[in-house]
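The structure appears below as structure tokens.
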Amino acid sequence: MPTYRRPDLLARCLGALLAQTLPADRFEVIVVDDGQEDRCREQVERVAATPGAPAIRYLRAASGRGPAVARNAGWRAATAPLVAFTDDDTLPDPQWLARGLAAMQAHPDWVAAAGQVRVPSASAGADGIGTATDGDSDIGRDGAPARRDARPTDHELMTRGLETSEFVTANAFARREVLARIEGFDERFLRAWREDSDLQFRLQAQGPVGRVADALVWHPVRPERWGVSLRQQRNVYFDALLYRKHPAIYRSRIRRVPPWDYYAIVAMTPAALVLAVAGEGAIAAGLLAASAALILRLTARRLRATSRALPHVWEMLCTSAAIPFLSVYWRLRGAWHFRTPFL
């Protein structure tokens with residue numbers, strides 16, 4: 001489990017691991033501190049001293065930073081033949097490890113397996129699990145279903161995407177010998193983005209990657225500052241690396257075509273300004289109108305299944321005007337850096 005300067009979330013996750021039904025002598029917990037701060041080390045030491053706790057180790061990577069580096073340091077330090085991955089902001093179900101272990105033992109041909117991630121409503125309370133007000137069901141504090149909001153924020157909807165992801169390291173199992181064979185994670189993925197997809201594709205080249213639907217990990221929605229979608233555009237830089245390594249898979253399973261509307265907005269907006277200065281006002285106005293129409297279409301698409309609260313609508317409108325420019329910048333920068341024809 002990698003962690004980065006979130007000692008409270010780390011303690012919550014460790015508490016869930018202490019509650020596993022798998023006997024404590026059947027597993028160990030390895031925490032790799034990517035933030036390298038004493039607060040996290042002290043938190044791990046405090047939990048490790050709990051009577052009846054499994055073996056819990058605190059590590060810091062010898063060199064490098066990022067979740068890929070941290071996870072590599074973790075599985076390489078592991079002594080068991082099976083490695084389970086999760087994150088410090090998750091809540092593994094009490095039977096998570098037992099069910100994952102049973103599935104991998106029942107399918108010796110599987111090189112790895114993906115568990116099921118569930119995202120409780122952001123309105124469920126401070127720990128992300130509790131009672132909401134309307135919509136679909138989640139889990140409540142007493143284990144009974146809670147109600148999920150019908151219209152989440154854009155950020156919450158993106159987090160819910162973990163529920164339908166094929167393979168994410170918030171909930172995954174892999175055989176250590178196979179991880180060693182493929183040399184684990186590609187440490188060029190410096191952010192928590194696409195490093196798990198790259199691992200999945202390379203694992204699938206080694207053998208079947210199974211699915212363990214009843215091995216559950218809960219992933220509460222973390223609070224985020226205004227404009228989180230703008231900061232997330234930097235992730236697209238690493239799409240270029242994934243595309244370079246797996247171009248056919250990327251186009252067939254992740255994004256079939258480039259975001260041509262983004263490129264159109266980026267091309268038309270400065271062209272309109274140049275034409276306006278050159279005295280071609282009518283053409284400039286037409287280009288600006290077309291660019292604005294595409295931005296409004298992007299805003300409408302992001303609002304289709306999300307909250308219609310006025311502050312959220314305003315955030316979607318403002319960020320939709322900036323996202324195409326940031327996305328194209330990071331796409332082209334990634335294409336240049338990784339020397340790949342990625343658009």
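When the residues of region 147-200 are narrowed to those that are among the β-branched types (V, I, T), out of contact with any Asp or Glu (no Cβ under 7 Å at 6 or more places or on another chain) and touching a residue at least 24 places away in the same chain (Cβ under 8 Å), which ends up farthest from L242 (Cα to Cα)?
Here is the first cut: in region 147-200, the ones among the β-branched types (V, I, T) are 153, 159, 164, 168-169, 178, 182.
Remaining after also requiring out of contact with any Asp or Glu (no Cβ under 7 Å at 6 or more places or on another chain): 153, 159, 164, 178, 182.
Imposing the further condition that a residue be touching a residue at least 24 places away in the same chain (Cβ under 8 Å) reduces the set to 153, 159, 178, 182.
Working: T153: 28, T159: 21, V178: 20, I182: 16 Å.
Checked region 147-200; the qualifying residue farthest from L242 (Cα to Cα) is T153.
Per-residue answers, yes or no, for (1) of a type in the set (D, E, K, R); (2) in contact with a helix residue (DSSP H, G or I) (Cβ under 9 Å, 6 or more places away or on another chain); (3) part of a loop (DSSP other than H, G, I, E, B):
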position	(1), (2), (3)
E166	yes, yes, yes
T169	no, yes, yes
F185	no, yes, yes
S197	no, yes, no
F201	no, yes, no
P220	no, yes, yes
D239	yes, yes, no
A248	no, no, no
S252	no, no, no
Picked from region 133-157 (must be open to solvent by 20 Å² or more (accessible area, probe 1.4 Å) and modelled with pLDDT of 95 or more), the residue farthest from E195 (Cα to Cα) is T153
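Please find, among A49, A62, A70, A11, the residue that is small (G, A, S) and touching a residue at least 60 places away in the same chain (Cβ under 8 Å).
Among A49, A62, A70, A11, only A70 is small (G, A, S) and touching a residue at least 60 places away in the same chain (Cβ under 8 Å).
Here is a yes/no grid of residues against (1) among the aliphatic types (A, V, I, L, M); (2) under 30 Å from F201 (Cβ atoms); (3) within 27 Å of the chain's Cα centre (by Cα):
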position: D239; (1), (2), (3): no, yes, yes
position: P247; (1), (2), (3): no, yes, yes
position: V257; (1), (2), (3): yes, yes, yes
position: A271; (1), (2), (3): yes, no, no
position: A282; (1), (2), (3): yes, no, no
position: A289; (1), (2), (3): yes, no, no
position: S307; (1), (2), (3): no, no, yes
position: P311; (1), (2), (3): no, no, yes
position: A322; (1), (2), (3): yes, no, yes
By residue number, the members of region 85-103 that are open to solvent by 40 Å² or more (accessible area, probe 1.4 Å) and part of a helix (DSSP H, G or I) are R99, A102
Among the residues of region 291-317, count how many are open to solvent by 40 Å² or more (accessible area, probe 1.4 Å) and either closer than 30 Å to R188 by Cβ or out of contact with any Leu (no Cβ under 9 Å at 6 or more places or on another chain) (or both). 11
Residue pairs qualifying under the 8 Å Cβ cut-off, at least six apart or on distinct chains, with the first in region 35-46 being open to solvent by less than 80 Å² (accessible area, probe 1.4 Å) and the second being at pLDDT 95 or above and among the small types (G, A, S), are Q43/A11
A278 vs. criteria among the small types (G, A, S) and open to solvent by less than 50 Å² (accessible area, probe 1.4 Å): no
Going through region 74-84 one residue at a time, which ones are hydrophobic (A, V, I, L, M, F, W, C) and either surrounded by fewer than 24 Cβ atoms within 10 Å (Cβ to Cβ) or without any contact (Cβ under 8 Å) to a residue 12 or more places away in the chain (or both)? W75, A77, A78, A80, L82, V83
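When you check G207 against the structure, is it more than 20 Å from M158 (Cβ to Cβ) and not in a helix (DSSP H, G or I), yes or no?
yes
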Report, by residue number, each residue of region 26-54 that is within 18 Å of F85 (Cα to Cα) and assigned to a helix (DSSP H, G or I). R26, V44
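The values are calculated or read from the model by the stated rules, or taken from the named source; none is laboratory data. All figures in this text were calculated on a predicted structure; none of them were measured in a lab. No Cβ is skipped: glycine too gets one built from the backbone with ideal geometry, and neighbour counts run over all protein chains shown. In case anyone asks, the SASA skips ligands and DNA or RNA and just uses the protein heavy atoms, side chains included. Shrake-Rupley method; radii C 1.70, N 1.55, O 1.52, S 1.80 Å.
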